[in-house]
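Structure record follows, encoded as structure tokens.
Just so it is clear, none of the values below were taken in a lab; they were calculated from the coordinates. Owing to the predicted nature of the structure, the values given are computational and were not obtained by experimental measurement. All Cβ positions, even for glycine, are placed from backbone atoms using ideal geometry, and neighbour counts span all protein chains on display.
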Amino acid sequence: MTITEKILARAAGLDSVSPGDFVTARLSLVLANDITAPISLREFRGMGATQVFDPERVVLVADHNTPNKDIQSAENTKLLRDFAREQGLPHFYESQDGGIEHIIVPDKGLALPGDVIIGADSHTCTYGALGAFATGVGSTDAAAGMALGETWLRVPETMKFVFTGRLRPWVSGKDLILYTIGKIGVDGARYRAMEFAGPVLEGMEMAGRFTMCNMAIEAGGKCGIIAPDQTTLQWLEGRSDREYRVFASDADAEYVEVFEWDTTDIEPQVAFPHLPENTRGLSEVGEVKIDQAVIGACTNGRLEDLRVAAGILKGRKVAPGVRCLVFPGSAEVHLQATREGIVETLLEAGCAVSMPTCGPCLGGHSGCLAHGERAIATTNRNFVGRMGHPKSEVYLASPAIAAASAILGKIAGPDEL
Amino acid sequence: MPIHGHAHKYGDHVDTDVIIPARYLASSDADELAAHCMEDIDADFVEKVEPGDVIVAGRNFGCGSSREHAPLAIKTAGIGAVIAESFARIFYRNALNIGLPIIESEEAAQGIQSGDEVEVDLESGVIHNLTRGQDYHFPPLVGPAAELVEAGGLRQLVSRRLAGRG
């Protein structure tokens, strides 16, 4: 069996499962945010539920329209806060100790290897980087999960992506996942598990692995997953007392497709509007002027991402007329970035450093684009109107490319500085 | 009762951001959401739709975010069913959960053109294209999807289970 099949079999209390099987899986964690949870809570009560299945395993994070952008958003966050209090949920996060859900859930040790996790947010697939099965669902599925502690799942086929070779300068996990989506398309992994492996992955730190699994959904994937190794186990040390199980795919596991790519051939990637599959190597981008650079989001808001951006922006200035907005992924990331001098470096370069929020990524607030404006962003989607006006444009790239582009006022890599 | 109306046709990869833009997601009120349904790719959508109309689309309809606001907006705008070559999985599941009829049929999605008058019979698994005199057949749902439709949605299904626990 593959790692995904093993995790689902265990959660379903079965010896084995095969792709296409319907199973009822016990849930390790159920998650929702300030946009999706209000419907979840309405449905939870509508179902006649009065108590969540396990207060330790229901996580609510207010991160999308926060800091509350208007009265309605404030009411939504209040709904979550009141529900957390009523149900005795220890894991409700807003500003203090909070941040973007897919950054803080792993950082706080709430997602662990072998877990089955559903979240009312499509980027829940991020936690696959820890060797968990994690997938996005809608609000009502999350409500049912909160009430019952289980959900039904169809066991997905698995596609395997093996990365070999050396990484070129400035090529990161973001570039590898954009390259992958460019190759297979935005529905290339529809309903399937995407398993990432190979020597390049083995040498990659957790931040890059989270970024890769985060964007599995951008290929239509049900989950992204990477088998835990020493890097994973070291990263997990001291984060949780909860027991976990490490799984790996068998040597004879069956895959619906296997891709093997030599990363020596892969240059930094940029996804053009309006689909994440519209990728080009940096050398093929041409002259694309930008109005805004956004560095952050659940894709690239980790400390490692900010270090890369600050390394490039240090001693340089953001181009006149360009807005460079940096969003540390969590209060903890913000604090560490402050201690390391990253925040100061970014401010001196002319960036704005904001509170953690999903705001700009989805065109909610704190960085919306006007008609005809163009942004380069380390976020994960570039759909029509994603960051604001339907006639604005978003180009997706890594923190290194976003930082260099902010300095040059056009899409460019650090080597052009 | 069959679903009967006109078709509104779109292309591949219609994402949830255009079905209901995030700038409206502070609300979870179905009527407010429906008022902005599809506005970023079809500004007149809400005015054009009559109850019973269907959306017809290409591949990967509903890709992107998990927002249940998307099928909720479509359903509340008056759409009787969504017919597409394929659906993104979270959208598909959300539609079943909230009782928005959803049909995967390459033949129908390609055969039906914008403005065609169609009738959908969910029970017998057939879409009649009254404008072109064509019929498209689709297989019945199986497994949990069939249970969801039978119960009328996930709320109803869970409700029964919780009541059964006493």
Using modelled amide H (1.01 Å from N, peptide plane; none on Pro or chain starts), what sits under 5 Å from the amide H of A:Thr158, excluding residues fewer than 5 places away?
A:Ala193, A:Val256
Quick check on segment A:243-292: what does the Kirkwood estimate of hydrodynamic radius come out to from the alpha carbon pairs, in Å?
15.2
Cross-link reach from A:Lys69 to lysines, straight Cα distance under 19 Å and at least 8 residues apart if same chain, gives A:Lys78
Prolate/oblate/rounded label for segment A:180-314 (Cα gyration tensor, a/c 1.5):
oblate
Over segment A:203-266, equivalent-ellipsoid semi-axes from the Cα gyration tensor in Å:
23, 16, 14
For segment A:3-261, build the convex hull from the C-alpha positions and give me its volume per residue in Å³.
132
Base-10 log of normalised Debye intensity for segment A:270-416 (one unit scatterer per alpha-carbon) at q = 0.09, 0.19 Å⁻¹
-0.22, -1.05
Long-range amide H contacts for B:Val56: which residues qualify at under 5 Å (H placed 1.01 Å from N, peptide plane, sequence gap of 5 or more or a different chain)?
B:His8, B:Lys9, B:Tyr10, B:Ile83
Greater than 21 Å separation of Cα atoms is the criterion. Which listed pairs, B:Lys9/B:Lys48; A:Lys6/A:Lys174; B:Lys48/B:Lys75; A:Lys222/A:Lys391; A:Lys160/A:Lys183; A:Lys6/A:Lys160, meet it?
A:Lys6/A:Lys174; A:Lys222/A:Lys391
Expressed as a percent, the portion of alpha-carbon pairs in the protein assembly as shown spaced more than 43 Å apart is 14
Measure out, as a whole number of angstrom, how far apart the alpha-carbon centroids of segment B:115-155 and segment A:86-153 sit.
34
Euclidean distance between Cα centres, segment B:24-56 to segment A:48-83, Å
26
Take the alpha carbon gyration tensor of segment A:123-256, find the square roots of its eigenvalues, order them as a ≥ b ≥ c, and report rounded if a/c is under 1.5; if not, report prolate when a/b exceeds b/c, else oblate.
oblate
For chain B, what is the Kirkwood estimate of the hydrodynamic radius, computed as the reciprocal of the mean inverse distance between distinct Cα atoms, to one decimal in Å?
16.0
To the nearest whole number, what is the average tally of beta carbon atoms from other chains within 10 Å of the beta carbons of peptide A:45-51?
4
Decide, for segment A:40-111, between rounded, prolate and oblate: order the square roots of the alpha carbon gyration tensor eigenvalues as a ≥ b ≥ c, take rounded if a/c falls under 1.5, and otherwise choose prolate if a/b is larger than b/c, else oblate.
oblate
In chain A, helical segments from DSSP H whose Cα atoms cover 18 Å or more along their own axis and that average at least 1.0 on the Kyte-Doolittle scale are none
